[in-house]
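**Q** Starting off with a structure, shown below.
The values are calculated or read from the model by the stated rules, or taken from the named source; none is laboratory data. A quick note: this is a predicted structure, and the numbers were derived from the prediction, not measured. Note that each Cβ is placed from the backbone with ideal geometry, even for glycine, and that neighbours are counted across all protein chains shown. In case anyone asks, the SASA skips ligands and DNA or RNA and just uses the protein heavy atoms, side chains included. Shrake-Rupley method; radii C 1.70, N 1.55, O 1.52, S 1.80 Å.
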Amino acid sequence: MYGCFKLDDRMNNDKMSETSTSVHRKIDEIAELLYASCDEEFGLYSGNAGRVLFLFYYARYKNSASIHQRASELIDHLFSQVEASISPSFSFCSGIAGVGWLLDHLCKQRFLLTNSDDVLSNIDGYLYQTAVGELSNRHYDFIHGAMGMVFYLIKRYQRDYLRLLVQLLDHLAVWDDASAKWESVIKYEEGVMGYSIALSHGCSSLALILCKILQIMPEDETTIKVLRGTIRYICNQEISVKKYGCYFPAFSIESQPKLYKTRLAWCYGDLGIAFAIWKTGVHFHIQALKEKGMEILCHAAERRGLLENDVVDAGICHGTAGLAQIFNRMFRNTQRIEFQRAANYWCMETLNMAKFEDGLAGYKAMVRGGRQTRYNLLEGIAGIGLSLLSFVMPEDPAWDECLLLS
C-alpha cells in the first residue's frame with residue numbers, strides 16, 4: 001500500500017494496524033449510509049454527485065460489482081435530477097459544471113466505459129456563456145461562480161473558450177505594478193466587496209486554474225501574464241508569521257483591516273494559498289516560489305490542535321478530512337516526512353471527530369445554525385469517506401482534482 005500509514009516511523013506497528021483497521025471500518029460505515037440514501041440536490045459538492053464519486057471509488061477499493069452497479073444507478077438518477085430541474089445552477093458546487101466534471105472524471109478514470117462527449121458537448125457553449133456573464137458581474141468564485149465553470153472547460157480542452165475567458169480576466173483585472181486582483185463579494189451575508197486570496201473563493205484558486213490552462217495552452221502569453229500577476233498579488237499579502245502565527249490573512253490585507261491568525265483549512269488561510277504558490281513555482285521552474293510555498297506548507301504541517309487552529313468538524317471544507325487530504329497529497333508529491341506525519345495526525349483526528357450518537361457514522365458538520373448531518377462532499381460524509389479512502393487505496397487519489405489538489 002502507498003497510503004501514509006505505511007511509512008510513518010513514529011508509529012509502532014500495533015498503532016499503525018489499529019489505526020488502519022479503524023479507517024477501514026469507518027469507510028465501510030460511511031459507505032453503508034451513502035449506498036442506502038439519496039439527496040434532493042444533485043451538485044458535486046452539495047448533493048448526489050459527490051455521493052456517486054465516493055461510491056465509484058469505494059467499489060474499486062472493494063472490487064465490488066454490486067457497489068459499482070449502485071453507483072451507476074445513482075448516475076442515472078443524477079442526470080434525471082438535472083433534467084427535471086426547472087432552473088438549474090451552472091456552478092461547480094451545486095450545478096452543471098460540477099456534474100460535468102464528475103462525468104468526465106469517471107470516464108477518464110475508467111469507472112465508466114463511455115464517451116463523455118456524447119453528453120457534455122451539448123453544454124460546453126452554455127457554460128462558456130454563463131462564465132462570461134459571471135465574470136462580467138464580478139462573480140469570480142471557484143465554488144459558486146465563473147472559475148468553477150472555467151475549470152470544467154479545461155477538462156473539456158475547450159481552448160478557444162479558455163483563451164477568450166483569460167482575455168476577459170485580463171481586461172477585468174485591477175493591475176498595479178504588474179500585480180493583478182479582482183474585486184468581488186467577500187462576505188455574502190452583508191454584500192461586502194473586496195479582494196480574496198483564498199483557495200475556495202479567491203486568487204489562489206484562480207492561480208491553480210491558470211496553471212491548468214497552461215498545461216493545455218503552454219504558450220498562451222495572456223495566461224502567463226495573468227498568472228504571474230495573480231501570484232505577485234497573493235505574495236504581496238504576506239504578514240508576519242512571528243506576530244500572527246500564520247503567513248496570510250483570510251482575505252487580502254486591504255480587505256481585512258484587522259489581522260488575526262487564520263484557521264487551518266482547505267477553504268481559507270495558509271494551506272490553499274501556499275499550495276497555489278508552490279504549484280506556480282513548479283510550473284514556471286521558479287525556485288523562489290517553490291521555496292516560499294514549501295516553507296509555508298511545512299510550517300502548516302507543524303500546526304497541531306483543534307482549538308488552536310479553529311478546526312471544529314471533520315468535513316473537507318474547513319475540517320480535519322480536508323487537512324488530511326492536503327497533507328496526504330503533499331506527501332505523495334514530495335515524499336517529505338513532515339507531510340506524512342501531518343496527514344496521519346489529521347486522519348486520526350478525523351476518526352476522533354466521529355463522536356455524535358445522532359450523527360452520520362458519528363459525524364455532524366458545523367454550519368450556520370449549529371451542527372447538522374450532511375451526506376455531501378464538501379461538508380459531509382462523502383468527502384470524509386473519500387479522504388479516508390486516500391489513505392488505504394494504492395492508487396493515486398485522483399478524485400481530489402475537484403479540490404484543485406491534483
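**Q** Of (1) surrounded by fewer than 18 Cβ atoms within 10 Å (Cβ to Cβ); (2) hydrophobic (A, V, I, L, M, F, W, C); (3) within 24 Å of the chain's Cα centre (by Cα), Ile96 satisfies all except one. Which?
**A** Condition not satisfied by Ile96: (1).
**Q** Additional query: For region 164-187, indicate whether the set of residues that are among the hydroxyl-bearing types (Ser, Thr, Tyr), within 20 Å of Ser94 (Cβ to Cβ) and at pLDDT below 95 is non-empty.
**A** Checking region 164-187: at least one residue is among the hydroxyl-bearing types (Ser, Thr, Tyr), within 20 Å of Ser94 (Cβ to Cβ) and at pLDDT below 95.
**Q** Report the residue count in region 349-382 for those that are part of a helix (DSSP H, G or I) and open to solvent by 50 Å² or more (accessible area, probe 1.4 Å).
**A** 1
**Q** Taking Gly293, is it part of a helix (DSSP H, G or I) and buried (at least 16 other Cβ atoms within 10 Å of the Cβ)?
**A** Criteria met by Gly293.
**Q** Do we have any residue at all in region 334-341 that's assigned to a helix (DSSP H, G or I) and open to solvent by less than 20 Å² (accessible area, probe 1.4 Å)?
**A** yes
**Q** Let me ask something additional. In region 57-67, is there at least one residue being surrounded by 12 or more Cβ atoms within 10 Å (Cβ to Cβ) and over 16 Å from Leu386 (Cβ atoms)?
**A** Yes, some residue in region 57-67 is surrounded by 12 or more Cβ atoms within 10 Å (Cβ to Cβ) and over 16 Å from Leu386 (Cβ atoms).
**Q** Go over the candidates Glu29, Glu18, Glu41 one by one and state the one that is in a loop (DSSP other than H, G, I, E, B), over 14 Å from Ala71 (Cα atoms) and open to solvent by 10 Å² or more (accessible area, probe 1.4 Å).
**A** Glu41
**Q** With the condition being modelled with pLDDT of 95 or more, I'd like the helices (runs of 4 or more DSSP H) fully within region 44-159 carrying at least 1 qualifying residues.
**A** Helices (runs of 4 or more DSSP H) meeting the threshold: 48-62, 65-84, 96-108, 124-136, 146-155.
**Q** Determine whether Ser66 is of a type in the set (Ser, Thr, Tyr) and within 18 Å of the chain's Cα centre (by Cα).
**A** Answer is no for this residue.
**Q** Could I ask something else about it? Select from region 298-326 the residues that are under 16 Å from the mean Cα position of the chain (by Cα) and either at pLDDT below 95 or open to solvent by less than 10 Å² (accessible area, probe 1.4 Å) (or both) and list them in ascending order.
**A** Of everything in region 298-326, those that are under 16 Å from the mean Cα position of the chain (by Cα) and either at pLDDT below 95 or open to solvent by less than 10 Å² (accessible area, probe 1.4 Å) (or both) turn out to be Ala314, Gly315, Ile316, Gly319, Thr320, Ala321, Gly322, Leu323, Ala324, Gln325, Ile326.
**Q** How about region 383-406: which of its residues are buried (at least 22 other Cβ atoms within 10 Å of the Cβ) and hydrophobic (A, V, I, L, M, F, W, C)?
**A** Residues satisfying the conditions are Ile384, Leu386, Leu388, Leu389, Phe391, Trp399, Cys402, Leu403, Leu404, Leu405.
**Q** Here are Glu254, Glu219, Glu238: which of them is open to solvent by 50 Å² or more (accessible area, probe 1.4 Å) and touching a residue at least 12 places away in the same chain (Cβ under 8 Å)?
**A** None of the others qualify; the one that does is Glu254.
**Q** Something else about it: Answer yes or no as to whether Gly229 is in contact with a helix residue (DSSP H, G or I) (Cβ under 9 Å, 6 or more places away or on another chain) and within 25 Å of Ala324 (Cβ to Cβ).
**A** So Gly229 fails the test.
**Q** Sticking with this one: Return the only residue of Lys243, Lys212 being within 30 Å of Gly305 (Cα to Cα), modelled with pLDDT of 95 or more, open to solvent by 20 Å² or more (accessible area, probe 1.4 Å) and of a type outside the set (Val, Ile, Thr).
**A** Only one candidate passes the filter, namely Lys243.
**Q** Output the number of the condition that His139 fails; it satisfies all remaining conditions of (1) open to solvent by 30 Å² or more (accessible area, probe 1.4 Å); (2) farther than 21 Å from Tyr195 by Cβ.
**A** Answer for His139: the failing condition is (2).
**Q** Applying the selection to region 163-186, what residues are open to solvent by less than 10 Å² (accessible area, probe 1.4 Å) and in contact (Cβ under 8 Å) with a residue 60 or more places away in the chain?
**A** Listed by number, the list holds a single entry, Val166.
**Q** Also, I was wondering about something else. For region 112-136, give me each residue that is crowded, with 20+ Cβ neighbours inside 10 Å and either closer than 17 Å to Ala49 by Cα or among the acidic types (Asp, Glu) (or both).
**A** Matches in region 112-136: Leu120, Glu134.
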